[in-house]
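Participant: Sharing a structure here in structure tokens format.
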There are 2 protein chains.
Amino acid sequence: MSGVTNRFLSNATNRIDAKSRVSVPAGFRSVLVERGIQELYCLQDFVYPAISVGGPDLLDRYERQIASVDPFSPEANRMSLLVHGGGVFMRLDAEGRLMVTDFIRDFTGIGTEVTFVGRSDHFQLWQPQAFQDAQAAAREARFSSRPA
Amino acid sequence: MSGVTNRFLSNATNRIDAKSRVSVPAGFRSVLVERGIQELYCLQDFVYPAISVGGPDLLDRYERQIASVDPFSPEANRMSLLVHGGGVFMRLDAEGRLMVTDFIRDFTGIGTEVTFVGRSDHFQLWQPQAFQDAQAAAREARFSSRPA
DNA sequence: TGGGACCATATGGGCGTCAATGGGAAGAGG
DNA sequence: CCTCTTCCCATTGACGCCCATATGGTCCCA
């Protein structure tokens, strides 16, 4: 079924407080509950300056990929460096907020606000303007000729 | 299963004090406890300028790898030189710190700070900047095939 | 149909606990 | 006898856990 509560959809922008916390949009939180996700696995996106956030299954998916090659190969070493060394587990506080660490700030350029972007089976953290730009660029590339 | 306390994940950078000690991140320490690891086996990574740290099982795994290739190959010879000749056992002190020896400094270029990098079944010690660079390079190289 | 009670989300901040760090003193080894 | 290491305790700063407030929207009822 294609209900609304079991997928991460749409986007929202929230403010970061003085303690570097930001509320995860309520809609996303209910998806997390729906999916029984408590531990959040966070990883740098491979293409965009964004942090991907999902359940442990997100990590599983990458690990299966690693397992498919020789574990001692430089290839596997490189993947593990990103997936294991670059990935972080986080949890939300009682109010459904997460910490915006330097790890997240440095990679995304996030300053005072975070744009949450649904990606179906996970969601992402973006610097608001970067998200606008990337979306505009994606639109541009897909529908090549369109006057603004 | 992909619990959080039974694998080494994510990364953290800690300072080395005047006595050349550095705190192992609390998260990593609990994984060590979880796995019943007391003696730490350390050796040089085959690819990167990093020291790999794990339990005695880490040594086992490398020995099996050596055994799986032609024992007279330059490859096996080289691996044995590193694994058997280059490996070191260490222990943590009561506060969960380890000594940063010259063996570690020389191979990694570590100066005043250490970046601890989770690698699932073991973790690594990196010079902070070297880790940043290696990760950026790995991301650049990306995967040959990507998850759907 | 307009007003108001009610509710959920987002946001702000206090406070206790624990990890990270620094340094002193006792013990082992050369 | 001197140095290097190990054990122990003190400090501090970050993070988790808790409760308080604001803001916007919805529903109910007059």
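The values are calculated or read from the model by the stated rules, or taken from the named source; none is laboratory data. Because the structure is a prediction, the values reported are computed rather than measured. Reconstructed Cβ throughout: ideal geometry from the backbone, glycine too, with neighbour counts over all protein chains shown. Side chains are part of the model used for accessible areas, which takes the heavy atoms of the whole protein and leaves out ligands, DNA and RNA. Shrake-Rupley method; radii C 1.70, N 1.55, O 1.52, S 1.80 Å.
Participant: Place the label 7 angstrom along Cα→C-beta at A:Met99 and in each other copy, then list the distances from the first to the rest in nm, shortest first.
Facilitator: 3.2
Participant: How large is Rg over Rh for segment B:1-126, taking Rg from the Cα atoms and Rh as the Kirkwood inverse mean of 1/r across Cα pairs?
Facilitator: On the way: Rg = 14.8 Å, Rh = 15.1 Å.
Ratio of gyration radius to Kirkwood radius for segment B:1-126: 0.98.
Participant: Once the label point is set 7 Å along the Cα-to-beta-carbon vector, what list of distances in nm do you get between B:Ser73 and its counterparts in the other copies?
Facilitator: Those label-point separations list as 1.3 nm.
Participant: A follow-up question, please. Going toward the positive end of the dipole of segment A:11-142, with +1 on Lys and Arg Cβ and -1 on Asp and Glu Cβ, which of A:Gly86, A:Gln129, A:Val100 do you reach last?
Facilitator: A:Gln129
Participant: Quick one, what does Rg over Rh come out to for the protein assembly as shown if you take C-alpha atoms and the Kirkwood Rh?
Facilitator: 1.01
Participant: For the pair A:Arg139/B:Ala26, report the inter-label distance in nm, with labels modelled 7 Å from Cα in the Cβ direction.
Facilitator: Calculated label separation equals 4.6 nm.
Participant: How far, in nm to one decimal, is A:Arg139 from itself in the other copies if the label point is set 7 angstrom along Cα toward Cβ? Shortest first, please.
Facilitator: 2.6
Participant: Which cross-chain or sequence-distant (5 or more) residues have an amide H under 5 Å from the amide H of A:Val24, H modelled 1.01 Å from N in plane?
Facilitator: A:Arg97, A:Leu98
Participant: Based on the Cβ-Cβ distance from B:Ser80 to B:Asn6, what FRET efficiency comes out when R0 is 30 Å, to the nearest 0.05? Kindly include the intermediate steps, with their values, before the conclusion.
Facilitator: On the way: r = 30 Å, r/R0 = 1.00.
With a Förster radius of 30 Å, E is 0.50.
Participant: Contact order normalised by length for chain A, with contacts defined as Cα pairs under 8 Å and 6 or more residues apart; what percent is it?
Facilitator: Values: 210 pairs, mean separation 50.0, N = 148.
Averaging sequence separation for qualifying contacts and normalising by length gives 34 percent for chain A.
Participant: Here is a further query. Between A:Asp17 and A:Ser68, what's the calculated FRET efficiency when r is the beta-carbon distance and R0 is 45 Å? Round to 0.05.
Facilitator: Working from the Cβ atoms, E equals 0.60.
Participant: Using θ = phi - 60° and the Karplus form 6.51 cos²θ - 1.76 cosθ + 1.60, what ³J(HN,Hα) does each residue of segment B:34-50 get, whole Hz, x for Gly and Pro?
Facilitator: 3J(HN,Hα) across segment B:34-50, in whole Hz: 3, 8, x, 8, 10, 8, 9, 9, 10, 8, 6, 5, 6, 10, 9, x, 9.
Participant: Place the peptides B:58-68, B:89-99, A:82-92 in order of packing, highest mean first, counting for every residue the other Cβ atoms within 10 Å and averaging per peptide.
Facilitator: In decreasing order of mean packing, B:58-68, B:89-99, A:82-92 become A:82-92, B:58-68, B:89-99.
Participant: Other chains near B:113-122: what is the mean number of their Cβ atoms within 10 Å of each residue's Cβ?
Facilitator: On the way: counts 0, 0, 1, 1, 5, 8, 6, 8, 3, 1.
That average works out to 3.
Participant: While we're on this one: With charges only on Cβ, +1 for K and R and -1 for D and E, what is the dipole size of the protein assembly as shown about its Cα centre, in debye, rounded to 20?
Facilitator: Rounded to the nearest 20 debye, it is 760 debye.
Participant: At 1.4 Å probe size, with the rest of the protein present, what percent of the exposed accessible area of segment A:66-148 is carbon and sulfur atoms?
Facilitator: Carbon-and-sulfur percentage of accessible area, whole number: 52.
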